[in-house]
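First the structure, in the form of structure tokens, and then the observations on it.
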Amino acid sequence: MNRWYPVARSEELVPRHIAQTQLLGQEIALWRDDAGAVNAWENRCPHRGVRLSIGSNTGTDLRCRYHGFRFAAGSGRCNFIPAHPSQKPAGSMHAVVYAAVERYRYVCVSLDPRTDEPELPMPGNAAATSLRSIFVEAPAAAVVDQLSRGYRIDAATEAVLTGEDHFTLTAAAGSGERAQVVLFLLQPVTQTQTVIHALLCPAAAAADRLAVLRHHNAQMTMLRDAVERSCAAAKRRA
Amino acid sequence: MTNESGIESVLWDDWHVVAELARLEHAGRFETMLLGVPVTLEMDRASGRVGARSDGADIASVAVKYGFVWICLGRPARAIVEFDECLEPERLTATGGSVRVAVSGLRAVENFLDLGHLAFVHAGYLGEEPHTEIAPYAVDARPGGGIIATGCRVYQPKPSPVDSHGFDVDYVYAVLRPYIVVLYKANPVEKTRQDMIALLVQPVSEESCVAHILTCYLPHEIHPPTVRRFQQFIFGQDRPILENQLPKRLPLDPRAEISVRADGSSAAYRRWLGASGVRFGAIPASDAAAP
């Protein structure tokens, strides 16, 4: 609970939109307020349980689709109940708020709101290229296991893989000016589903960008297929 | 109290709608499910007799009433619910359609009782901003079981299939059985008399239902196709809301979902379900308290 996971790419949270994601089986409504801050809330209105992600983002509040209750950005507290417009809502009427920050153009969430600011392992302050985020029908541990067997950082080079923890891996190759790192950040969606987010550092040169993205897309597709095959085989044996 | 089915008698030994008669007449044979039990309905076209079977055995208690097929899987502890309005010959009794919803039928009943959503989910028809305030209304126990909410009043831009202008509509709601709820609303022409709309909910599984609509209107410019089109349009607005409720079963613990004053009928409904021992489609308060 008490740790950060990537749950979306920053550019998914466009103004006045509400995105839906899932972390450790918990559905989350993600939205950016007009001040630019990201809100990550349990995807459930405290009043009658309707998913907040089908409501609307007013820029300062999230409005539930069912009864129009409004919940304030930041605190998640209900500040307006249309059925009782002149009454101050009870303090107990609030959305369940999770901690959310943005790092390297990813939205990171901790289900425990007291979690300290995240420290993500990034080499220096160099700009990075976001690679494809890919959904895998397998637990995060199986993804880590498969990744540890090797990753081609470019057509010719096998990377050295280092596990930071159960959900973060780095693949490194080359040195000096030719050093390249791919940081893999895993989002445990449920116990059996994972999204792999990945970024390449330093950023790809503009002229190479498309070729680099295609290379990693192909690598990650093979990775996904291999993990899903081995999980399916393990399930058949069980 | 439960029986060999494991399902509480208050539901098992009661009558439930399992199909609209017109649909069975058309199909001849119809597969459905009640309280998690697969049921096959058949109509003998020559005699018009309706039969029901489950797991190869005949179901003894089958009836046709108000345009619907009703069955009881146990031993009927009481009669099919009575709608006196349907006996008034001048009124138009019409079915309003049957809609499958992926949520507990208890959630569907509660939504039918709900006043606060009208201005949002049915905006432009059964409510409209800024007319969102819900004035106090009375909720009482019904002598025969269930609850009754009286003195409900909402401004509605298009309250019925034939209205073109809005007015303040007076409502009475009554929950007659755990899965049966009815509303009476002032008729737009004869404002001292009421139209009746009932929601007869078929509990298919704990987390899915079919909502069957029965209407009984006073005969002012009203025709069955208009009724059906209007009711299905309205219920079509409710369905995506209901299917986005989490959890899918109705929590009976008052701490599970926070109520406001406008939810008086919903809170009373949940309390009455708990007191009646209804579990199918519900999360009993005792379960919620467990770690």
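The values are calculated or read from the model by the stated rules, or taken from the named source; none is laboratory data. On a predicted model such as this, the values are computed, not experimentally measured, just so you know. Using ideal geometry, Cβ is built from the backbone for each residue, glycine included, and neighbour counts are taken over all protein chains shown.
Restricting segment A:12-62 to residues that are within 13 Å of residue A:94 (Cα to Cα) and out of contact with any Leu (no Cβ under 9 Å at 6 or more places or on another chain) leaves a set whose member that is farthest from the other protein chains (Cβ to nearest Cβ) is A:61. Evaluated against (1) farther than 15 Å from residue A:223 by Cα; (2) touching a His at 6+ places or on another chain (Cβ under 7 Å), residue A:160 falls short on exactly one condition, (2).
In the condition set (1) out of contact with any helix residue (DSSP H, G or I) (no Cβ under 8 Å at 6 or more places or on another chain); (2) surrounded by 18 or more Cβ atoms within 10 Å (Cβ to Cβ); (3) part of a loop (DSSP other than H, G, I, E, B), residue B:161 is compliant with all but (1). Residues considered: B:222, B:197, B:213, B:241. Of these, the only one that is touching a residue at least 12 places away in the same chain (Cβ under 8 Å), within 13 Å of chain A (Cβ to nearest Cβ), surrounded by 16 or more Cβ atoms within 10 Å (Cβ to Cβ) and closer than 19 Å to residue B:126 by Cβ is B:241. Taking segment A:19-60 as the range and being surrounded by fewer than 18 Cβ atoms within 10 Å (Cβ to Cβ) and among the acidic types (Asp, Glu) as the test, the residues that pass are A:27, A:34. Quick one: count up the residues across segment B:88-126 that are aromatic (Phe, Trp, Tyr) and touching a Ser or Thr at 6+ places or on another chain (Cβ under 9 Å). Selection size over segment B:88-126: 1. Of all residues in segment A:167-185, those satisfying the criterion of being over 15 Å from residue A:198 (Cα atoms) and surrounded by 13 or more Cβ atoms within 10 Å (Cβ to Cβ) are A:173, A:174, A:179. Among the residues that make up segment B:253-266, is at least one of them under 23 Å from residue B:120 (Cα atoms), touching a helix residue (DSSP H, G or I) at 6+ places or on another chain (Cβ under 7 Å), crowded, with 22+ Cβ neighbours inside 10 Å and touching a residue at least 24 places away in the same chain (Cβ under 8 Å)? Taking every residue of segment B:253-266 in turn, at least one turns out to be under 23 Å from residue B:120 (Cα atoms), touching a helix residue (DSSP H, G or I) at 6+ places or on another chain (Cβ under 7 Å), crowded, with 22+ Cβ neighbours inside 10 Å and touching a residue at least 24 places away in the same chain (Cβ under 8 Å). Counting only strands (runs of 3 or more DSSP E) that sit completely within segment A:96-203, zero hold 2 or more residues that are in the same structural domain as residue A:36 (by TED's automatic domain parsing), in contact with a helix residue (DSSP H, G or I) (Cβ under 6 Å, 6 or more places away or on another chain) and closer than 25 Å to residue A:32 by Cα.
Pairs linking a residue in segment A:158-172 that is under 19 Å from residue A:189 (Cα atoms) to a residue that is outside any strand (DSSP E or B) and among the polar types (S, T, N, Q), with Cβ atoms under 8 Å and 6 or more positions apart or on different chains, are A:169/A:148. Name every residue in segment B:72-128 that is more than 30 Å from residue B:52 (Cβ to Cβ), within 14 Å of chain A (Cβ to nearest Cβ) and either of a type in the set (Asp, Glu) or surrounded by fewer than 18 Cβ atoms within 10 Å (Cβ to Cβ) (or both), in order of residue number. Across segment B:72-128, the qualifying residues are B:114, B:123, B:128.
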